[in-house]
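Chemist: First the structure, which I've put down as structure tokens, then a few questions once you've had a look.
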Amino acid sequence: MNFARVYAIAFGVVYTLVGLIGFAIAPGLATGTLIIFPINGLHNAAHLLVGLLGIAAFLLNRNVEYARFMAVLFAVLTIAGFAPQPLLGLIPLGGADIGLHAATALLAAAAGWLYRPQVAARAA
């Protein structure tokens, strides 16, 4: 299994679980804390969506596209984490999320752009 495929299923499952667990902690717009990360209902919905997209990418073999999209999305979210929080008065993205989003963006970029499909050896 290639790195982009592993990335899609691993992050898909993890973000889906984080989204579901988050709803138990902070189901509405009030900010709660999951370990050290600020979350709310919109944040949880975003985690759930990103996770389900990862699982779908894995099942549909769209792993590289998913990883590249996540790299760009999480790079933007990393920068947005430095804006006044909660972002647009809706989603908390600051604090510990900044480092997590940056790491996610870097890992996604590696999975999406460093992956090289193996070329089948030609018959001699």
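Here, each number is a calculation from the coordinates, and none is a lab measurement. None of the values given here were measured: they were computed from a predicted structure. As a convention, Cβ positions derive from the backbone with ideal geometry for all residues, glycine included, and neighbour counts pool all protein chains shown.
Chemist: What is the spin-label model distance, in nm, from LEU52 to ILE21 if the labels are put 7 Å beyond Cα along the C-beta direction?
Modeler: Here the answer is 2.0 nm between the modelled labels.
Chemist: May I ask for the angle, rounded to the nearest 10°, between helix 63-80 and the longest principal axis of the chain, with both axes built from Cα atoms and the value confined to 0 to 90°?
Modeler: 30
Chemist: Evaluate E = 1/(1 + (r/R0)^6) for TRP113 and LEU60, where r is the Cβ-Cβ distance and R0 equals 22 Å; express this FRET efficiency to the nearest 0.05.
Modeler: About 0.65, to the nearest 0.05.
Chemist: Output ³J(HN,Hα) for the stretch 47-52: one whole-Hz value per residue in order, computed from phi by the Karplus curve 6.51 cos²θ - 1.76 cosθ + 1.60 with θ = phi - 60°, and x for Gly and Pro.
Modeler: Using θ = phi - 60°, the values come out as 4, 4, 4, 4, x, 5 Hz.
Chemist: In addition: Take peptides 99-110, 75-86 and line them up by average Cβ neighbours within 10 Å, highest first, as a rough protection proxy.
Modeler: Sorting 99-110, 75-86 by mean packing, highest first, produces 99-110, 75-86.
Chemist: Just subtract the alpha-carbon distance of MET1 and VAL76 from 0.36 nm times their residue separation and send over the number in nm, one decimal.
Modeler: Contour length minus the Cα-Cα distance gives 24.2 nm.
Chemist: So who's got an amide H within less than 5 Å of the one on LEU34, skipping anything under 5 residues away but keeping other chains? H placed 1.01 Å off N, in plane.
Modeler: Here the answer is ILE39, since their amide H atoms fall under 5 Å of that of LEU34.
Chemist: On to the next question. Grab the Cα-Cα distance for ALA45 and ALA10, subtract it from 0.36 nm times how many residues apart they are, and report the gain in nm with one decimal.
Modeler: Result: 10.8 nm gained on full extension.
Chemist: Something else about it: Just one of [x] 55, 29, 22; [y] 65, 27, 21; [z] 35, 31, 27 is Cα extents along the principal axes in Å calculated from these coordinates, so which is it?
Modeler: [y]
Chemist: Here is a further query. Given Cα pairs under 8 Å that are at least 6 residues apart, what percent is the relative contact order of the stretch 3-113?
Modeler: Relative CO of the stretch 3-113 lands at 30 percent.
Chemist: May I pose another question? For the pair ILE35 and ILE98, what calculated FRET efficiency results from E = 1/(1 + (r/R0)^6), where r is the Cβ-Cβ distance and R0 = 25 Å, to the nearest 0.05?
Modeler: 0.95
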